[in-house]
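Novice: Pasting in a structure now, in structure tokens, and then I'll have a few things to ask.
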Amino acid sequence: MRIALEPVSSRTTIQESVYQQLRNALMVGNFDPGQTLTIASLAETFGTSNMPVREALRRLAAENALEVAANGSARIPIVTLARLNDLCRARIAVEGLAAELGFPNLTVGDIATLDRIAGEQHVIGRGANVYDLMARNQQFHFTIYRASGSEVLLQLIETLWLRFGPYMRMLSASAEPLMRSGELDPAGEHVAIVNALKAGDFSAARDGIVADISRTHEILQDYCPATQDEPRKGSSSGRR
């Protein structure tokens, strides 16, 4: 199941809670490319007034995760091959560096956590629960990136993942048949990364991060239109 938006908790400010929930939902691909998000519908979902939703959308637009219209509604950015290529190049560069810095700082417990996550991905993949799989994927990568100790790199990576959200949505649609056919490993390159870390081979582990991003890029190229007006694979209208 995809991440569900919930009424906000009194333990945090309303505005921050709305922002964080939307941010996380965008990052893991909860919304369709081009989908419109209205302030009224989101406020109803969160059980809040319009104001915290409007501010959350404004903040997310500033991070290029959304496009805000004059009436205050927001749209998920559409996908194109050029944007996909640009994002994946940036991800390899920034996430590769964060991984290089993070690998030496990972503890035995951290590596055990990564190993557990990869194992859980294989179990989840058998049931084709794509959204749980995406959540584990995020947990795996950010466990490594947080170990880099670089606040700047982590912020850049989070922004890249936000902008990658619509592509994750497309990946979720294509992942299930690919896993069933055996063409796609539910854990991606994660097992190879863990094995390299256990062997102390940080170079091979970094290669695994690059291969993981590159494989996602390769899959999505077949589903991504070359231009904004061209429909995506499997759709005559550009929407699933």
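Novice: How far, in degrees from 0 to 90, does helix 151-181 lean away from the longest principal axis of the Cα atoms of the chain, to the nearest 10?
Specialist: Computed tilt is about 80 degrees.
Novice: Given the DSSP H assignment, sum -39500 (n - 2.57) over each helix run of at least 4 residues in the chain and divide by its residue total; what's the result at 222 nm in deg cm²/dmol, nearest 500?
Specialist: The helix-only estimate for the chain comes to -21500 deg cm²/dmol at 222 nm.
Novice: Residue by residue through region 99-116, which ³J(HN,Hα) values in whole Hz follow from phi under the Karplus form 6.51 cos²θ - 1.76 cosθ + 1.60 (θ = phi - 60°), with glycine and proline marked x?
Specialist: Computed from phi, the couplings for region 99-116 are 5, 4, 6, x, 3, x, 8, 5, 8, 4, x, 4, 5, 5, 5, 4, 4, 5 Hz.
Novice: Under a plain spin-label model, where a point goes 7 Å from the Cα along Cα-to-Cβ, how far apart in nm are Q139 and A82?
Specialist: 3.9 nm
Novice: Using r as the Cβ-Cβ distance of S214 and D32, and R0 as 22 Å, what FRET efficiency do you calculate, to the nearest 0.05?
Specialist: 0.35
Novice: For a quick check of your reading of the filter: which trypsin sites (Lys or Arg not before Pro) in region 1-107 sit in a DSSP loop and have no more than 12 other Cβ atoms within 10 Å?
Specialist: R11
Novice: For region 103-207, rounded, prolate or oblate, judged on the Cα gyration tensor with a ≥ b ≥ c (square roots of eigenvalues), a/c < 1.5 rounded, else prolate if a/b > b/c?
Specialist: Verdict is oblate for region 103-207.
Novice: For the Cα atoms of the chain, what angle does the longest principal axis make with the long axis of helix 202-221, in degrees from 0 to 90, nearest 10?
Specialist: 40 degrees
Novice: While we're here: By how many degrees, 0 to 90 and rounded to 10, does the Cα axis of helix 50-62 deviate from the longest principal axis of the chain?
Specialist: Roughly 50 degrees between the two axes.
Novice: Loop by DSSP (not H, G, I, E, B), at most 15 other beta-carbon atoms within 10 Å: where is the longest site-free stretch of the chain for GluC sites (Glu not before Pro)?
Specialist: Excluding the exposed sites themselves, the longest stretch runs over 64-182.
Novice: Fully extended, how many nm does the chain gain between D222 and N195 (0.36 nm per residue separation, minus their Cα-Cα distance)?
Specialist: Here the answer is 6.7 nm.
Novice: Ignoring ligands, DNA and RNA, what accessible area per residue does region 1-136 give at 1.4 Å, in Å²?
Specialist: 48 Å²
Novice: Say R0 is 22 Å: what FRET efficiency, to the nearest 0.05, do L101 and N64 get from their beta-carbon distance?
Specialist: Step by step, r from the Cβ atoms, then E = 0.35.
Novice: By the scheme Lys and Arg +1, Asp and Glu -1, what is the net charge of all other residues having a beta-carbon under 13 Å from that of N64?
Specialist: +2
The values are calculated or read from the model by the stated rules, or taken from the named source; none is laboratory data. Bear in mind that the values here come from a model prediction, so they are computed numbers and not experimental data. In this analysis, Cβ positions are derived from the backbone assuming ideal geometry, glycine residues included, and neighbour counts consider all displayed protein chains. Just the protein is used for accessible areas: all its heavy atoms, side chains included, with ligands, DNA and RNA removed. Shrake-Rupley method; radii C 1.70, N 1.55, O 1.52, S 1.80 Å.
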